[in-house]
Amino acid sequence: MDNLDLLKKDWKKQEKSIPQLSYDEIYKLIWKRSSSIVKWIFFISIIEFALGAVLNIFIADDEYWAKMEEYNLTIFLICTYVVSYIITFYFIYKFYTNYKAINATDSASVLMKTILKVRKTVKYYIGFILISSAFVFVFSMIFILRNHVLTAEPVASNMSFDWKQWLLFIGGTLLALAVILGVIWLIYTLVYGILLRRLHRNYKELKKLEM
Amino acid sequence: MNKELEHQFVTNLEKNQNIAHKICRIYTNDQESHNDLFQEITIQLWKAYPKFRGDSKFSTWMYRVALNTAITLYRKKKKSIRTQDYDSVHFKIKSEAYDDTAEQHLKLMYDAIKQLNDIDKALVFLYLEDKNYAEISETLGITEVNARVKMNRVKTKLQNIINP
């Protein structure tokens, strides 16, 4: 078929104009995959932080603060905001340095160490989110309860809980806490878990090469 | 030990990178996907490199692994690429059918190749690379007779695309 043979000639002619990568550029390509995963972890953490900040601005209007004032929660809330922002910034910074580190890496063993570090950082981060959520939940409950006890007027004598009701109340609260934490945990493992699994796969491949 | 292997691999790949670039040209349409495919091929080659014992030439081995990578990757994205290609090629055929300069003709051929399925593209690629049927059959893991039959079908297919 002369059509294809014509093409073959052209194909050979074009061979000279193919762009060439240097040794270093090819070398870097081998490690690129882990670096792009870590980059995504960094981006997602920033998106997540921005989303949280925007949500806060919308929720925390004057009415919200007035209500919190009523429950004596204002100072407590401001403190938790400040602390959580500091810790979140710390994690974003960590994700960023991980990303930079993985980009600059040029040997398998260092890359493996960095991957382990990234996984650890993400796990700590999810741990921090879970613990802080539980903390905010429990303390808010305590504040609201205390406020209720202080301001409620004893309408009837049977207002106070007996031990059975207390048990029910605490059990219910714990159940609600467990459900909330479960949902948060699920969301985070979904978002970061996929990336971490891929990273882990890369790690295993690297380890195989190392042996 | 690992450093040594890395150096060996990168040196080999640097020498033979044309193969990967040419596969990218057959399988992708723009620079970005070209680069993506090139990177994926590099990674797959590197992953498979410890199994490369050197009983065949690096380039022979590279043809096989790189083509497999392109075929697998192409299968995943098949749908979106297909519809896009199909429309643009058909449009071109209609509007440029009267202009029969050699260059236009080559362009039509390249566009027609883009319309082929993943395996057919591999066949055309190896044909353009001046491989004989023994080499084609070895690279694609099919029998020589099968390679001949398939190649003839591909030629007819190309003919039909260009002159419908």
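Quick one: which of A:93, A:99 is within 24 Å of residue A:124 (Cα to Cα) and either modelled with pLDDT under 85 or touching a Ser or Thr at 6+ places or on another chain (Cβ under 6 Å) (or both)? Let's see the steps before the verdict.
Working: A:93 fails: either modelled with pLDDT under 85 or touching a Ser or Thr at 6+ places or on another chain (Cβ under 6 Å) (or both).
Exactly one of A:93, A:99 is within 24 Å of residue A:124 (Cα to Cα) and either modelled with pLDDT under 85 or touching a Ser or Thr at 6+ places or on another chain (Cβ under 6 Å) (or both), namely A:99.
Suppose the filter is surrounded by fewer than 16 Cβ atoms within 10 Å (Cβ to Cβ), away from chain B (no Cβ under 14 Å) and part of a helix (DSSP H, G or I); does residue A:100 pass it? Break it down into steps so the answer makes sense when it comes.
On the way: surrounded by fewer than 16 Cβ atoms within 10 Å (Cβ to Cβ): yes; away from chain B (no Cβ under 14 Å): yes; part of a helix (DSSP H, G or I): yes.
Criteria met by residue A:100.
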Would you pick out the residues in the stretch B:43-68 that are within 23 Å of residue B:119 (Cβ to Cβ), more than 15 Å from the chain's Cα centre (by Cα) and in a helix (DSSP H, G or I)?
-> B:43, B:44, B:45, B:47, B:48
What number of residues within the stretch B:1-51 satisfy the criterion of being buried (at least 17 other Cβ atoms within 10 Å of the Cβ), closer than 14 Å to residue A:24 by Cα and within 9 Å of chain A (Cβ to nearest Cβ)?
-> 7
Identify the single condition in (1) more than 10 Å from chain B (Cβ to nearest Cβ); (2) surrounded by 14 or more Cβ atoms within 10 Å (Cβ to Cβ); (3) in a loop (DSSP other than H, G, I, E, B) that residue A:21 does not satisfy, given that it satisfies every other one.
-> (1)
Could you tell me which numbered condition residue B:105 fails, if it satisfies all but one of (1) more than 10 Å from every other protein chain (Cβ to nearest Cβ); (2) at pLDDT below 90?
-> (1)
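Quick grid of which residues meet (1) in contact (Cβ under 8 Å) with a residue 60 or more places away in the chain; (2) in a helix (DSSP H, G or I); (3) more than 14 Å from chain B (Cβ to nearest Cβ):
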site	(1), (2), (3)
A:3	no, yes, no
A:8	no, yes, no
A:42	no, yes, yes
A:45	yes, yes, yes
A:56	no, yes, yes
A:67	no, yes, yes
A:81	no, yes, yes
A:90	no, yes, yes
A:93	no, yes, yes
Does the stretch A:26-36 contain any residue that is touching a helix residue (DSSP H, G or I) at 6+ places or on another chain (Cβ under 6 Å), within 14 Å of another protein chain (Cβ to nearest Cβ) and more than 30 Å from residue A:193 (Cβ to Cβ)?
-> yes
With criteria (1) surrounded by 12 or more Cβ atoms within 10 Å (Cβ to Cβ); (2) closer than 30 Å to residue B:19 by Cβ; (3) within 14 Å of chain B (Cβ to nearest Cβ), residue A:110 comes up short on (2)
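Restricting attention to the stretch B:136-161, which residues are among the acidic types (Asp, Glu) and touching a Phe, Trp or Tyr at 6+ places or on another chain (Cβ under 8 Å)? Working first, answer last.
First pass over the stretch B:136-161, keeping only residues among the acidic types (Asp, Glu): B:138, B:144.
Result: B:144, single match.
The values are calculated or read from the model by the stated rules, or taken from the named source; none is laboratory data. Since we're looking at a predicted model, the values are computed, not measured. Ideal geometry is used to build each Cβ from the backbone, glycine not excepted, and the neighbour counts take in all protein chains shown.
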